[in-house]
Amino acid sequence: MEKLSNLKHKFLFYFGFLVVILFISLSVWQFSSYLQDKETIKKLIDTENPIPVTISDLYTNNQEIIFEYNNVQLIDGAELDIVKTWYLRSRVHNGENGYHLVTLYKHNISKFNILVKNGWIPLDKNIDKTFLNKDILFIGRLVKYDTQTFGQDDIPNSEYLFRVDKEFIENETQANLPNFYITLTKSCGSGVECINLTDPYDAPHLSYSFQWLFFALCLIIVIFRKNKII
């Protein structure tokens, strides 16, 4: 305690260690993101062969069939009718700006709904949406919906979305959706490029984690040396 009271640069010592704690927290957050991304990629790799399911299956709680990133094929996709489409804003593909096409379908017999992210389309999109052809195989991954956060809110009666928000889409269309939507990975439609789900999970989180840890160690050394502790 006596050493602390006799510190030459007290402000640097106390404020500096607050910054050190911040740097270490950022390092831990990046490392947690790295572990989460590894787990996600493992799920994607471990479920290469699509499991045949019906839309009714997606409304069940059978966890052996339904789990996030499972690879599925809707065997009753031919009975789907388009209810509404949206463009998911600000999506970049191979350095080119564009949108993700999101479509709400209804099964014409069971009347169940399913939300599908068809794939990427360029900024100069086809306004008539003629790329929504009948050749879609509905093979893709089950994905959890986005969570509403502070910031840009989706606008009712718009053809654009900021996020795939289950509550917003249900309120907008009066539809009842299952717990997952489908991101198509094969045969996504004419003029639509399928989405590689492993791309967003290849971020350099591990290097960022070491980077923040390095900054924290450097700052600790500066604090100690300035106060002649080492």
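Read-outs: derived from the displayed coordinates by stated rules, not from any lab. This structure is a prediction, so every number in the text was calculated from the model and none was measured. Cβ atoms come from the backbone with ideal geometry, glycine included; neighbour counts cover every protein chain shown.
Footprinting exposure proxy ranking of 217, 88, fewest other C-beta atoms within 10 angstrom first, gives 217, 88. Distant-in-sequence amide contacts of residue 136, defined by a placed amide H-H separation under 5 Å and a gap of 5 or more residues or a different chain, comprise nothing. Our coupling estimate for the range 68-75, obtained by passing each phi through the Karplus curve with A = 6.51, B = -1.76, C = 1.60 and θ = phi - 60°, is 4, 6, 4, 8, 10, 10, 6, 7 Hz, Gly and Pro reported as x.
Coupling constants for the range 171-176 follow from the phi torsions by the Karplus curve (6.51 cos²θ - 1.76 cosθ + 1.60, θ = phi - 60°), and in residue order they are 5, 6, 10, 6, 9, 10 Hz; glycine and proline get x. Couplings 3J(HN,Hα) of the range 112-122, computed from phi: 6, 9, 9, 9, 10, 8, 5, x, 9, 9, x Hz, in residue order, whole Hz [Karplus 6.51 cos²θ - 1.76 cosθ + 1.60, θ = phi - 60°; x for Gly and Pro]. Amide hydrogen proximity for residue 185: with H placed 1.01 Å from N in the peptide plane, the residues at 5 or more positions away or on another chain lying under 5 Å are 139, 140, 141.
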